[in-house]
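Asker: My structure is below; once you've seen it, I'll send some questions.
Where a number appears in this text, it was derived from the coordinates with a stated rule and is not lab data. Everything quoted here is computed from the prediction, not taken from an experiment. Every residue, glycine among them, receives a Cβ derived from its backbone with ideal geometry; neighbour counts consider all protein chains shown.
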2 protein chains.
Amino acid sequence: MWKVIGTDMNTELDCLPCFTRQALDALNLVTSDDELRWRVMREALRAAAQFSSSQQPPEMAQIIHSIIREATGNNDPYHHLKKSSTDTALRMESVVRPVIENAINPFHMAVRFAIAGNIMDYALTSKWKAIDVDDFIEETRLQPLCEPHLRRFEQAVNRAKSILYLADNAGETVFDRLLLEQFPPGITTVAVKSGPIINDATREDAIEAGLGNVAELIENGSNAPGTILDQCSDAFLEAYHTADLVIAKGQANWETLHRDARELWFLTRVKCPIVADRIERPLNSWQIIHHPGVQP
Amino acid sequence: MWKVIGTDMNTELDCLPCFTRQALDALNLVTSDDELRWRVMREALRAAAQFSSSQQPPEMAQIIHSIIREATGNNDPYHHLKKSSTDTALRMESVVRPVIENAINPFHMAVRFAIAGNIMDYALTSKWKAIDVDDFIEETRLQPLCEPHLRRFEQAVNRAKSILYLADNAGETVFDRLLLEQFPPGITTVAVKSGPIINDATREDAIEAGLGNVAELIENGSNAPGTILDQCSDAFLEAYHTADLVIAKGQANWETLHRDARELWFLTRVKCPIVADRIERPLNSWQIIHHPGVQP
């Protein structure tokens with residue numbers, strides 16, 4: 001077993017109202033049975049009452065969503081939302097692909113779309129709806145993103161002999177594929193969740209997005225949001241610790257990995273004020289974060 | 001004992017995240033001891049998990065605030081906020097009084113300020129801060145308020161032989177006094193809470209606001225927000241059921257009384273989307289609501 005290093009992204013008091021809101025939003029997506037919703041919300045509140053401040057927020061999400069799955073008897077409540085996110089992204093591909101290919105730097109533009117795709121997230125809100133493609137492309141082109149970080153990230157990718165890419169949400173994975181097409185061929189493995197959690201991509205979702213055509217697919221052994229290393233399989237940990245470069249998509253990966261010993265690159269939108277505070281970057285900004293690794 | 005009629009303002013699922021947020025806001029006002037805050041939040045979450053949808057939201061607030069009072073050993077955590085609200089309102093009086101006296105209809109203008117004062121509320125937010133007096137007066141003059149309701153309310157007051165006025169928050173009570181000065185003299189009783197709850201006015205707060213100079217003061221026998229009749233004293237219920245006219249300030253009074261058998265006039269700001277939905281009025285609007293009474 002690999003040694004697991006602690007994180008300082010502990011749960012804050014401000015996470016508690018947010019957990020309660022997330023639980024209700026998730027539940028509203030899954031069932032309109034009021035008696036069932038009350039029963040599940042009571043269970044979620046009791047679970048939140050037992051949660052330790054030393055645990056990471058994604059662990060709480062894992063607990064809440066396991067309560068919802070069990071109570072509703074629905075093992076993948078976000079199944080149709082994942083499908084429709086992937087379908088939406090696949091339909092956008094024909095418009096997005098030429099924007100990337102005709103860009104001055106296609107790699108940089110593909111990074112932008114990979115972060116743009118991180119909007120397809122049902123963890124913090126159930127409100128994300130239809131995307132206007134023109135607005136989406138315009139925002140993706142213009143969103144402030146640190147240019148020196150973009151260049152350093154490009155260099156790191158081009159120097160790497162092996163890359164492990166930790167995927168985040170279904171649908172977002174289509175844009176991940178467009179980025180992976182810019183990587184040196186044959187060196188990338190994409191890790192997905194081993195079981196449904198919110199709208200995070202599983203193997204099935206990744207295959208639907210075409211990720212299997214550009215990378216090897218592996219599962220991480222866990223159904224937590226982000227990457228909780230002590231829940232991950234030995235096979236995943238082997239890949240994680242031996243890859244030349246690890247790229248982690250989405251905020252939950254930052255929450256769960258940003259204190260780990262190994263070097264990482266995070267690509268994410270900043271969606272939570274507590275995370276924004278920790279990384280000292282604006283809420284709603286797009287970030288490429290280089291984590292040089294922490295010595296144990 | 002008086003017969004108590006049920007209410008349909010039951011607790012909604014959407015109240016649960018709001019309770020959690022309110023509990024934390026309240027706690028942040030009272031203590032910065034993180035361990036204590038976690039302990040109280042856990043207790044508040046467990047209490048919320050036990051709460052019944054057939055109970056009224058102000059009952060939940062009563063429970064949460066009793067947990068906070070007990071855990072912090074502070075029987076009146078909002079004491080200094082109530083003092084400073086009253087002080088602020090008393091300082092504004094010299095500016096507000098001539099605006100009322102010089103208005104075309106001083107009674108109507110006084111009603112406006114009584115509703116304006118309902119902003120001094122720490123139940124739903126801890127964020128209310130300094131008031132800019134000029135902005136406050138300007139908003140009070142211009143805020144849409146149903147003119148026919150204003151006229152009917154004025155007529156009802158002038159026809160009444162006895163009035164019971166259910167006060168809401170400390171500080172707001174100064175503006176209540178300016179309204180009561182417009183009432184026929186010697187016919188009004190003001191009811192306040194029997195114990196501290198959030199920043200609701202108690203007898204002491206009402207006296208500081210000068211309400212004792214324009215009306216008889218009584219306590220309602222309860223320390224719940226609003227007026228939960230089955231917690232109220234027989235003396236209060238006697239006054240409530242025999243008064244010619246009952247005027248109830250604030251949203252919690254609407255929540256707890258709007259299905260009662262007796263006729264009531266509510267003066268309030270609409271602060272909660274669920275209440276706004278029930279009364280079919282916009283969120284953040286100011287309302288004079290005539291409740292004709294419900295036959296049991």
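Asker: Take the alpha carbon gyration tensor of region A:88-199, find the square roots of its eigenvalues, order them as a ≥ b ≥ c, and report rounded if a/c is under 1.5; if not, report prolate when a/b exceeds b/c, else oblate. Before the final figure, lay out each step's value.
Answerer: Working: a/c = 1.75, a/b = 1.16, b/c = 1.51.
Oblate is the answer for region A:88-199, as a/c is 1.5 or above yet b/c matches or exceeds a/b.
Asker: Of all the C-alpha pairs in chain A, what % are more than 25 Å from each other?
Answerer: 45 percent
Asker: Please state the equivalent ellipsoid semi-axes for region A:181-259: what are the square roots of 5 times the Cα gyration tensor eigenvalues, largest first, in whole Å?
Answerer: 19, 16, 12
Asker: With charges set only on the Cβ (+1 for Lys and Arg, -1 for Asp and Glu), what does the dipole of region A:1-103 come to about its Cα centre, in debye to the nearest 20?
Answerer: My answer is approximately 140 debye.
Asker: For region B:38-107, just say rounded, prolate or oblate: build the C-alpha gyration tensor, square-root its eigenvalues into a ≥ b ≥ c, call rounded for a/c under 1.5, and beyond that prolate if a/b exceeds b/c, oblate if not.
Answerer: It is oblate, given that a/c is not under 1.5 and a/b is not larger than b/c.
Asker: Related question: Between rounded, prolate and oblate, where does region A:120-277 land on the alpha carbon gyration tensor, with a ≥ b ≥ c its root eigenvalues, rounded for a/c under 1.5, else prolate if a/b exceeds b/c?
Answerer: Judged from the Cα gyration tensor, region A:120-277 comes out rounded (a/c under 1.5).
Asker: Under a 10 Å cutoff between Cα atoms, tell me which one of A:E12, A:E208, A:E172 has the largest fluctuation in the Gaussian network model of chain A.
Answerer: A:E12
Asker: Reachable aspartates and glutamates from B:K161, Cα under 14 Å, same-chain residues fewer than 8 places away excluded?
Answerer: B:D244
Asker: Further question on the same structure: Go through A:G210, B:F136, B:T202 and say which Cα lies farthest out towards the positive end of the charge dipole of the protein assembly as shown; charges sit on Cβ, +1 for Lys and Arg, -1 for Asp and Glu.
Answerer: B:F136
Asker: Sticking with this structure for a sec: For B:35-48, what's the mean count of beta carbons from other chains sitting within 10 Å of each residue's beta carbon?
Answerer: On the way: counts 1, 0, 3, 7, 0, 1, 7, 6, 1, 3, 12, 6, 2, 7.
Counting other chains' Cβ atoms within 10 Å and averaging over B:35-48 gives 4.
Asker: Follow-up question, since we're still on this one. Taking the 0 to 90 degree range and rounding to the nearest ten, how far is the long axis of helix A:34-50 tilted relative to the main principal axis of chain A, both from C-alpha atoms?
Answerer: Result, in degrees: 80.
Asker: Next question, about the same structure. With only Lys, Arg, Asp and Glu charged, each at its Cβ (+1 for the first two, -1 for the last two), find how big the charge dipole of the protein assembly as shown is about the Cα centre; round to the nearest 20 debye.
Answerer: Working: 58 positive and 82 negative charges, 27 e Å.
For the protein assembly as shown, the charge dipole is close to 140 debye.
Asker: In addition: Which net charge results for the neighbourhood of B:A243, defined as the other residues with beta-carbon distances under 12 angstrom from its beta-carbon, given Lys and Arg at +1 and Asp and Glu at -1?
Answerer: That sum, taken over residues with Cβ under 12 Å, equals -2.
Asker: Rounding to the nearest 10 and keeping the result within 0 to 90°, find how far the Cα-based axis of helix A:147-159 lies from the longest principal axis of chain A.
Answerer: Long axis of A:147-159 versus the principal axis of chain A: about 80 degrees.
Asker: Efficiency by 1/(1 + (r/R0)^6): what FRET value for A:N28 and B:S94, r their Cβ-Cβ distance, R0 = 45 Å, to the nearest 0.05?
Answerer: E(calc), rounded to 0.05, equals 0.35.
Asker: Could you tell me the relative contact order of chain B? Use alpha-carbon pairs under 8 Å, at least six residues apart, and round to a whole percent.
Answerer: Relative CO of chain B lands at 20 percent.
Asker: Further question on the same structure: For helix A:57-72, report the angle its Cα long axis makes with the longest principal axis of the Cα atoms of chain A; keep it between 0 and 90° and round to the nearest 10°.
Answerer: 60 degrees
Asker: Further question on the same structure: Taking the Cα centre of chain A as origin, sum charge times position over the Cβ atoms of Lys and Arg (+1) and Asp and Glu (-1), and report the length of that vector in debye to the nearest 20.
Answerer: Taking the Cα centre of chain A as origin, the dipole is about 280 debye.
Asker: Name the residue from B:S32, B:A47, A:C146 whose Cα lies farthest towards the positive end of the charge dipole of the protein assembly as shown, charges +1 on Cβ of Lys and Arg and -1 on Cβ of Asp and Glu.
Answerer: Farthest along the dipole direction, towards plus: A:C146.
Asker: As a check on your grasp of the helix formula, calculate [θ] at 222 nm for the protein assembly as shown: sum -39500 (n - 2.57) over DSSP H runs of n ≥ 4, divide by the residue count, round to the nearest 500.
Answerer: Taking each H run of at least 4 residues, the total per residue is -15000 deg cm²/dmol.
Asker: Looking at chain B, send over the antiparallel percent of its DSSP beta bridges, to the nearest 5.
Answerer: DSSP beta bridges in chain B are roughly 30 percent antiparallel.
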